[in-house]
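Accompanying notes for the structure given below.
What follows is calculated from the coordinates using simple rules that are stated; it is not laboratory data. As the structure is a computational prediction, the values presented were derived from the model and not from experiment. So basically every Cβ, Gly included, is an ideal-geometry build from the backbone, and we count neighbours across all protein chains shown.
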Amino acid sequence: MTDTRTVSILGSTGSIGTQALQVIAENPDRYAVLALAAGRNLALTAEQAVATRAPVVALAEGEAADLTEAIAGEARRQGLGRDAYRPDVVVGDDAAVQAAAVGADVVLNGITGSIGLRPTLAALEAGSVLALANKESLIVGGPLVKEAAGPDQIVPVDSEHSAIAQSLRGGRREEVRRLVVTASGGPFRGRSRAELGEVTPEQALAHPNYAMGRVITTNSATLVNKGLEVIEAHLLFDIPFERIDVVVHPQQWIHSMVEFHDGSTIAQMGPPRMLVPIALGLSWPERLTDVDEPCDWSVAQQWDFFPLDDEAFPAVRLARQVGEAGGTFPAVYNAANEVCVDAFHDGTIGFLDIVDTVERVVEAYAEQAGSRSPVENVDQVLRADAWARRAAAETIAVVGHGSAGSQAGEGGEG
């Protein structure tokens, strides 16, 4: 990669965005930031803007005047003249969409949640390569995103899907027998359903390997995140669900594997960090130099693998069901889960109630929509999303706090 690539970073103040800016800062001759988009962190957004001199700076919440003043204040602190840096400032619900549409060579979508769908479509429509960390936009808008994307226009940034993409270089697509997606098992690996009844929000946020935001970390504890990744793998690589397996690998040095028809398996290995997948998202198909430390084979170590416990963690099983149903069902699964995660952290419901409630909402949607609900446009996806959020809130009001404890001894999946 010799030419400088322009980059727009959506979710610039989050975990993915800050690490992407780290990669860019260490390779200043390869990248130029064209746009930044963040949620509400005014101070950090201003700091990033001045550091990168991004021509476009977008913020979902707040006032344009406040962002302009924050950027000017940061510029003064860094000793810049009054007119040395004056970016175009965008504030509002569509700020990330506008940042995605500026026509950068690469748009890194690191937003969390289904709100990333419109920015994903805007980036694809603008002809940018989409470095996709916002799995939810592909999952909820699957047919729309796939129709909008040209060949090789989407590069996965999730470590598991980046690993699969890298491993697929070792053989032809028609030679693939199955994909094996690894999971850490979260902080509650090995616990029975009964033992999960009294889990606290603080415990759920104690991920063993990664530092992530509240939603993704909680999803990793329930394994909803792994369920979403199974749907994402199906959509990205066109592999049927019955040929996508999940295996628990606590150390997470193997990020995922591809098994081929001849019996060989190719695995991608590296530290349980996101720097390499992010860098590959920006540089694909080429690799940058010295992005992270490789495995140290001079040190004795042990890597373990366990089968997934579907009884204690039914989220993956449920994700397969909604993925196979297709249409707007994945949007319902994702939206209901986001509401349930908030309710869990608010103390309204218990840990087991998260997936149990999502399953009830999916079942209610199936009764209303039938076995299939094809996706025709973004508004249809957003209507399903809104319906699921209302249904989840109504179900939570009935479930109430503490019901998970009474369910835990049943040994069922709710």
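Observations, loosely collected:
- Its Cα centre serving as origin, region 5-157 has a Cβ charge dipole (Lys and Arg +1, Asp and Glu -1) of approximately 260 debye.
- About the Cα centre, charge dipole magnitude for the chain (Lys/Arg +1, Asp/Glu -1 at Cβ), debye: 500 debye
- Expected 222 nm ellipticity per residue - DSSP helices of 4 or more, -39500 (n - 2.57), all of the chain, to 500: -13500 deg cm²/dmol
- Averaging 1/r over every pair of different alpha carbons in the chain and inverting the result gives a Kirkwood radius of 22.0 Å.
- Antiparallel DSSP beta bridges within the chain, as percent of all bridges there, nearest 5: 30 percent
- Positive end of the dipole of region 246-347 (Cβ unit charges, origin at the Cα centre): among VAL276, VAL299, VAL322, the Cα lying farthest that way belongs to VAL322.
- Net charge over other residues, Cβ less than 10 angstrom from the Cβ of ASP238 (K, R count +1; D, E count -1): +2
- Neighbourhood charge, 13 Å Cβ-Cβ cut-off, centred on VAL291 and excluding it, Lys, Arg +1 and Asp, Glu -1: -2
- Options ALA96, GLY213, HIS249, ranked by Cα towards positive dipole end of the chain, top entry (Cβ charges): ALA96
- Distance between modelled label sites at GLN78 and GLU311, nm, 7 Å Cα→Cβ extension: 5.7 nm
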